[in-house]
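All remarks here apply to the structure that follows.
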Amino acid sequence: MLTLYKQLPNFILTTKLDELLNWCRKSSVWYMLFATACCGIELMQTGGPRCDWDRFGAVPRSTPRQSDLMIIAGTISYKMAVCTRRLYDQMPDPKYVIAMGSCANCGGLFKHSYSVLKGIDKVMPVDIYVPGCPPRPEALTDGLLKLQEKMQKEKFLRS
Amino acid sequence: MIQQLSLLFPMLPMWLVQAIWCGVVAVLLLTFFSLFAGPVSWLERRIAGRIMSRIGPNRVGPQGIIQWLADGVKNFLKEDLIPRDADKILFRFAPYPVFLGVTLTLVTLPFSSLLIGADLNVGLLYIVGAWGLVVIGLIAAGWSSNNKWTLLGGMRSAAQMISYEIPLVLSLLVVVLMSGSLSLQTIISSQGASPVEWFIFSNPFAFIAFVIFMISAVAEGNRTPFDLPEAESELVAGYNTEYSGMRFLFFFFAEWGNLYVIGALAASLFLGGWQIPAGWRNFASAQGPILPHVFEVLMFQLKTWIWVLLIIQLRWTLPRLRVDQLMKVSWKYLTPFAFVSIVGTGLWMVVFPEGWLFMKYLLLFSMLAVIGYFVWRAIWQLRFTKSKADFKLIV
């Protein structure tokens, strides 16, 4: 399927097919079990009873090979940045990244530390930034919904 | 059936008719398999949601019922990733034995007295043999990924499935002993519609064999509490850590397809399969030739689904066993008890050639008492459930 990826021309058939495929993709966003700091606690809550992400078809997968979405939950030190980038590279395309909380957005509280990465977008492309320190599960769910909107508008087969 | 078909198409040679017929049956069975495995994955997530006081998938289609379709299409669209250092041929090959091992068993599983892929006279042996293919796939997946976790998962699955195959086969032997046949249709025909005519209640040793069968079948299917090969807290995702996209979906399919195989085996071997009461059969036969089979199919599906739902509940209720505990359960408890149940059933058949009706009713009513206690506890628990107001906020 990826040989057709962004290859077909724009017309009614491919547009509708793209809509269907995007709907399927956005309805089953499997996110990776990966957290580095206190945002991780909120991330676990987001999968829990109060703010059940399974409603949107999002389930946690423990291996990067089967996940579509990486949520950077917490402070990334320079040492961790290398590993995070490797995990990102291990995910198969198409893949998405949500930067969750101030630390992942810009370094946050630890911005002036000698060892903290000033924002995860320095090492990988980010789709959604969720502000907060840490963001509540509701905010993260809003981030997921925004990501779903973005996936729905994407051109998957069309150039 | 094939004779009738060849009469319909007299110009075609016999072998061609046979080949086309085999193809049609294979496609139908595969369709049934995928149409079972998909929705059951949605059902399992909904039940898991209820047990964890979550909701589960409810956005995709009415109540999320086509969630499995979205998952499937998405996995088709994902990149098919093969690690650089992997054994590439084996890595590509590994998902297919797992998938085949489960689908091949469907050939001899009966749906009704007429609907069966092929009623082999060695049906039970065939099922056990075909199921054994799964191990090859899991080890191949674990080895070829060139990853420590997958290798550990593959080795665990090999150890687990080989040691649990022994009590499984021994407990199946009890059924073979009682029916005197390996063919599944003959086994079902030698039981009756009423519960006291089922093999499970025919003597206490057969009841033990049924319990052993259920435990070791769940272990064969790699379901929790025996899901050590893919233990997420210890090994990353077990043998399928390096698999992405469609190749991973094959493992996924096999896992949920296994549920049907376990449920259908339990229903057909111990619980009377598609047998319906004589009154129903007479009523249905009066309506036409098709209705009896509809009743039989419904009866068989009912019995199967009870076990499918039970296994799903077990998964979300029980914690995972440790490796040494797993081996201990198989070798120290299940295997000796399976031998005892074989010898006991043999002696029982010698002492009571016609069966002992009192014992059958005793077993039936003790089983009903257990089910009744379970239902009563469930209702009793419900009294403590708080108002649904919190629940409605997030729906």
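The values are calculated or read from the model by the stated rules, or taken from the named source; none is laboratory data. This structure is a prediction, so every number in the text was calculated from the model and none was measured. Positions of Cβ are backbone-derived with ideal geometry, glycine not excepted, and every protein chain shown enters the neighbour counts. All accessible areas refer to the heavy atoms of the entire protein, side chains included, with ligands and DNA or RNA removed. Shrake-Rupley method; radii C 1.70, N 1.55, O 1.52, S 1.80 Å.
Observations
- The sole residue among B:Ile89, B:Ile20, B:Ile65, B:Ile51 that is surrounded by fewer than 19 Cβ atoms within 10 Å (Cβ to Cβ), over 30 Å from A:Glu19 (Cβ atoms), among the β-branched types (Val, Ile, Thr) and within 14 Å of chain A (Cβ to nearest Cβ) is B:Ile51.
- Residues satisfying the stated conditions in the stretch A:34-62, i.e. open to solvent by less than 40 Å² (accessible area, probe 1.4 Å) and of a type in the set (Lys, Arg): A:Arg55, A:Arg61
- Hits in the stretch B:93-119 - residues which are at pLDDT below 85, surrounded by fewer than 18 Cβ atoms within 10 Å (Cβ to Cβ) and among the hydrophobic types (A, V, I, L, M, F, W, C): B:Leu114, B:Leu115, B:Ala118
- For the stretch B:145-158, the condition of being of a type in the set (Val, Ile, Thr) and under 22 Å from the mean Cα position of the chain (by Cα) holds for none of the residues.
- On the stretch given as the stretch B:203-252, residues that are more than 14 Å from every other protein chain (Cβ to nearest Cβ) and either in contact (Cβ under 8 Å) with a residue 12 or more places away in the chain or not hydrophobic (A, V, I, L, M, F, W, C) (or both) total 24.
- Test for A:Ser115: is it within 14 Å of chain B (Cβ to nearest Cβ) and not acidic (Asp, Glu): no
- Qualifying position, being over 20 Å from A:Asn22 (Cβ atoms) and either touching a Lys or Arg at 6+ places or on another chain (Cβ under 8 Å) or within 9 Å of chain B (Cβ to nearest Cβ) (or both), among A:Arg65, A:Arg86: A:Arg65
- Residue check for A:Tyr88: in contact with a strand residue (DSSP E or B) (Cβ under 8 Å, 6 or more places away or on another chain) and under 28 Å from B:Ala70 (Cα atoms): yes
- Breaking point among (1) farther than 24 Å from A:Pro137 by Cα; (2) within 12 Å of chain B (Cβ to nearest Cβ), for A:Leu13: (2)
- Matching entry among B:Trp280, B:Trp274, B:Trp256 (being open to solvent by 10 Å² or more (accessible area, probe 1.4 Å), in contact with an Asp or Glu (Cβ under 6 Å, 6 or more places away or on another chain), away from every other protein chain (no Cβ under 14 Å) and of a type in the set (Phe, Trp, Tyr)): B:Trp274
- Checklist (1) more than 8 Å from chain A (Cβ to nearest Cβ); (2) part of a helix (DSSP H, G or I) applied to B:Ser112, failing item: (2)
- Apart from one condition, B:Leu81 fits all of (1) of a type in the set (A, V, I, L, M); (2) surrounded by 17 or more Cβ atoms within 10 Å (Cβ to Cβ); (3) part of a helix (DSSP H, G or I); the exception is (3).
- Some residue of the stretch B:130-140 being touching a helix residue (DSSP H, G or I) at 6+ places or on another chain (Cβ under 9 Å) and over 30 Å from B:Ser268 (Cβ atoms): yes
- The set of residues in the stretch B:284-322 that are exposed (fewer than 15 other Cβ atoms within 10 Å of the Cβ), more than 30 Å from B:Ser194 (Cα to Cα) and among the aliphatic types (A, V, I, L, M) contains only B:Leu318.
- Of the criteria (1) in a helix (DSSP H, G or I); (2) touching a residue at least 24 places away in the same chain (Cβ under 8 Å); (3) farther than 24 Å from B:Pro167 by Cα, which one B:Ser341 fails: (3)
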